[in-house]
1. Please report the relative contact order for the stretch 13-125, taking Cα pairs under 8 Å with a sequence separation of at least 6, and give it as a percent rounded to a whole number.
2. If you take all C-alpha pairs in the stretch 26-154, what percent of them are over 26 Å apart?
3. Can you put 24, 206 in order of Cβ neighbours within 10 angstrom, beginning with the fewest?
4. For the chain, what relative contact order do you get, as a whole percent, if you take Cα pairs closer than 8 Å and at least 6 residues apart?
5. Specify the inter-centroid distance of the stretch 42-116 and the stretch 204-257, based on alpha-carbon positions, in whole Å.
6. So what's the back-of-envelope 222 nm ellipticity for the chain, counting only DSSP H runs of four-plus at -39500 (n - 2.57) apiece and dividing by all residues, rounded to 500?
7. Rounded to the nearest whole Å³, what is the per residue volume of the convex hull around the Cα atoms of the chain?
8. Which ordering of 250, 111 is given by a fewest-first count of other beta-carbon atoms within 10 Å?
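What follows draws every value from the coordinates through simple rules; no lab data is involved. Quick caveat: nothing in here was measured; it's all calculated off a predicted structure. Positions of Cβ are generated from backbone atoms using ideal geometry, with glycine treated the same way; all protein chains shown enter the neighbour counts.
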């Protein structure tokens, strides 16, 4: 039965149907893992790169059993796939979305929230992401920010009644707003907020501070595993959509930036 359940969920759509909407706590098993590191933030913000870097560090356990390590983490933390802890783990938890208040039900973890400028994130959502993934995020988070008239249209006609750009912008805003609540409710020694572009540009300085925060030994070779992607297309996208990004997303991004500690 255990093996059947593990193999029976191979996509986020299946996870939503069978786990998220079943009433299971998405972090229901978190307390079984001691001194855990959680990597969170908006999707397409660099959370995967950081979580894989930390998971591959000395002293950490690699739990991955499928093709998608974040989905594997979700299945483990929800209890859908049993896991007997045998060390220290780092889990990427961007998938929580509107279930993020579950973070406040647990206390034996440290969280790194990866913040990234909206032009890069939204460009990636639109051009480097499957439309189904964007629609799931919008359904879980972004749609809550629709105005009343837009919400009625969305409920009647579905996601495609809202422009793809607006879906991405509202999803970015909804996820980024979560850090304001997390910052208010989590102690300083449990939450670290880092800007992805700053990390990539100053990794020799900032990466050791991240490892110090999570109490892991740092090695210089870890820097080699973080690479800057091309920003050229994202910059062109920003210029073409400057007014939309400035009005919709930048105020929230700038407010979140003021919370950064490194």
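1. Details: 150 pairs, mean separation 48.5, N = 113.
43 percent.
2. On the way: 2103 of 8256 pairs.
Pairs farther apart than 26 Å: 25 percent.
3. Values: 24 15, 206 18.
Fewest-to-most Cβ neighbours within 10 Å comes out as 24, 206.
4. Numbers: 332 pairs, mean separation 60.0, N = 262.
Across the chain, relative contact order equals 23 percent.
5. After rounding, the separation between the Cα centres reads 19 Å.
6. Working: 13 runs with 126 residues, N = 262.
After summing the helix terms and dividing by the residues of the chain, the value is -14000 deg cm²/dmol.
7. Numbers: hull volume 34.4 nm³, N = 262.
Looking at the chain, the number lands at 131 Å³ per residue.
8. On the way: 250 16, 111 21.
Neighbour counts put them in this order, fewest first: 250, 111.
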